[in-house]
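Visitor: Okay, here's the structure, questions in a sec.
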Amino acid sequence: MTFFPLFLSDADQLRLLVIDPTVADYDQLLSGLRPGYDVLTLDLQRDGVAQISEALAWYVEAGTHLESLHILSLGAPGSLH
């Protein structure tokens, strides 16, 4: 799991973007990411839900307010892969 938490004092809203590294060219999408996002790139050898839970727990323990969670992943109607 690669996790880059930010403590941006000038960010009004802190958001977490979770990335499935199997998404093609996700690095190009990251190049256009606006400020105020923390990025978690999932480790394919570990359970993705557990990694997201750990990241969310980190925010709680740090006393940091997380405004939103975004997940960039492959999927089909009604499921994520």
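The values are calculated or read from the model by the stated rules, or taken from the named source; none is laboratory data. Not measured: the values here are computed from a predicted model. When we count neighbours, we look across all protein chains shown, and the Cβ atoms used for this are built from the backbone with ideal geometry, even at glycine.
Here's the yes/no breakdown for (1) of a type in the set (S, T, N, Q); (2) assigned to a strand (DSSP E or B); (3) modelled with pLDDT of 90 or more; (4) in contact with a helix residue (DSSP H, G or I) (Cβ under 7 Å, 6 or more places away or on another chain):
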| position | (1), (2), (3), (4) |
| --- | --- |
| LEU6 | no, no, no, no |
| ALA24 | no, no, yes, no |
| GLN45 | yes, no, yes, no |
| LEU56 | no, no, yes, no |
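Visitor: Same structure again: When segment 25-81 is examined, which residues are found to be among the basic types (Lys, Arg) and farther than 16 Å from ARG15 by Cα?
Guide: Scanning segment 25-81 gives a single hit, ARG46.
Visitor: Going by what's in this entry, would SER31 be described as modelled with pLDDT of 85 or more, out of contact with any Ser or Thr (no Cβ under 9 Å at 6 or more places or on another chain) and among the polar types (S, T, N, Q)?
Guide: Yes.
Visitor: Tell me yes or no: at least one residue of segment 63-79 is surrounded by fewer than 11 Cβ atoms within 10 Å (Cβ to Cβ), in a loop (DSSP other than H, G, I, E, B) and among the charged types (D, E, K, R).
Guide: no
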